[in-house]
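The values are calculated or read from the model by the stated rules, or taken from the named source; none is laboratory data. None of these values were measured; they are calculated from a predicted model. Quick reminder, even Gly has a Cβ in these numbers, built from the backbone with ideal geometry, and neighbours come from all protein chains shown. Surface areas here come from the heavy atoms of the whole protein model, side chains and all, with no ligands, DNA or RNA. Shrake-Rupley method; radii C 1.70, N 1.55, O 1.52, S 1.80 Å.
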Amino acid sequence: MLSAFARAFQTPDLRKKLLFTLGIMVLFRLGAHIPIPGVNFVAVNQCIKDTKSNGLFGLVNLFSGNALLQLTIFALGIMPYITASIILQLLTVVIPRLEALKKEGQAGTAKITQYTRYLTIALAVLQGTGIVATASSGALFSGCSVAGEVVPDTGVFRVATMVITMTAGTTVIMWLGELITDRGIGNGMSILIFTSIAAGFPGSMWAIKQSGKIGGGWVEFFSVIAIGVIVVCLVIFVEQAQRRIPVQYAKRMIGRRAFGGTSTYIPLKVNQAGVIPVIFASSLLYIPALVVQLTNSQSGWALWIKGHFVKGDHPIYMATYFVLIVFFAFFYVAISFNPEEVADNMKKYGGFIPGIRAGRPTAEYLNYVLTRITWPGSFYLGLIALIPMIALVAFNANQNFPFGGTSVLIVVGVGLETVKQIESQLQQRNYEGFLR
């Protein structure tokens, strides 16, 4: 990986793309430290110090690079865009119009991207309004003595200004991501998510060191680093693992020319769903705690939810989280990979799996293989996602533990994809051909 970056910096055009990407990343991190108008920044800093963990808004805060709890112009981060993309992807299976656009190729994809932008702005307005209302009521920093002073002016004009600023920040983030995609290296949105998560690593590691009790905290510090190396190696191994199903294409005579007769394969990844099941499960588990916090109820069911579904270190919470991840892994694979459609396309172009009849038997075989490899993939996702919660108990770390859950999956995935793109562009520029 380091050699790929070194060779890329030696190539002038790739060096410009890498420097442009790094510049956008710095600009993105700069915006994550500029507070929105109408916020008492002194009270915000005091509440961040008093409140060591915030499980309710932990996912959004993770994707915003800790900008949410600081109430900056990029407080919403990339989360509205991620939510909009997931919603459009799910609706593509349900709405025939979106499915037809997806099949139109580049023009249809551009139209779906435009719908995603509009939905992102709408979701940013809703999420911004909810966050401002939560901060105004003091519920954003539960347990802080000055939580009610975070937003001193709750007038309509002031609140509208804060919401518009957050929405504009999300729009700028979308634009920055598209700039990286067009003029930089890699997928822009993925790079910005990588930047947000990686920015929190040093702070999380230093917090573990300060809270440690053995050897001044250095034993816990280096233990976490060792665990992180093992987890990253495991994630790389599983993310690269795939089941290759061989496909043979029959020869076809068109005029005097013979076409086909080639062999290829269908790569089915062990973790076909990626990080989406973890995001779905996390979002769903936030709903009970959010309802309790907004209603401020003190009834029996509310107290039970506060004791079991808020902090995340209870066995019931962990078990529910694991089961939801397994469920959403199968759910997302079922809607993102259609064995019948793949089998029909293979049959249309004269392809077949050796030993399997074309048509419905091929679809059943693909579904059988996909189900078998999804089981270990879903268990792997569940175990990786539980690492921060185990660390919460073992090391007294916050819920944004750096080497586990959503963070390590995204960081490793984006890193691998970016390195592959750099290597492919290097190969295009240094291709020697078959004849020298």
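Rolling a 1.4 angstrom probe over the protein heavy atoms, how many square angstrom per residue are accessible across the chain?
With the other protein chains kept in place, the chain gives 52 Å² per residue.
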_Among M79, M318, M346, residue whose mean-square fluctuation peaks in a GNM of the chain (springs only between Cα atoms under 10 Å)_ = M346
*Quick one: dipole size for segment 8-52, taken about the Cα centre, charges +1 on Lys/Arg Cβ and -1 on Asp/Glu Cβ, in debye to the nearest 20.*
140
*Largest first, what is the accessible-area ranking of I356, I78 with a 1.4 Å probe?*
I356, I78
*Carbon and sulfur together cover what percent of the accessible area of the chain at a 1.4 Å probe radius?*
64
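For the chain, list the DSSP H helices whose alpha carbon atoms reach 30 Å or more along the long axis and whose average Kyte-Doolittle value is -0.5 or above?
Correct list, ordered by number: 106-137, 156-183, 218-240, 315-336, 360-394, 405-429.
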*Could you check the simple spin-label distance between L416 and I34, using points 7 Å along Cα→Cβ, in nm with one decimal?*
3.7
*Could you pull out every Cys in the chain that lacks a partner Cys with its beta carbon under 4.7 Å away?*
C233
*Work out the length of the dipole vector of the chain about its Cα centre, built from +1 on the beta-carbon of each Lys and Arg and -1 on the beta-carbon of each Asp and Glu, and round it to the nearest 20 debye.*
1460
*How high is the FRET efficiency from A6 to I236, r the C-beta distance, R0 25 Å, rounded to 0.05?*
0.75
*Which of the following values of volume of the Cα convex hull per residue in Å³ was calculated from the structure shown: (i) 157; (ii) 142; (iii) 189?*
(iii)
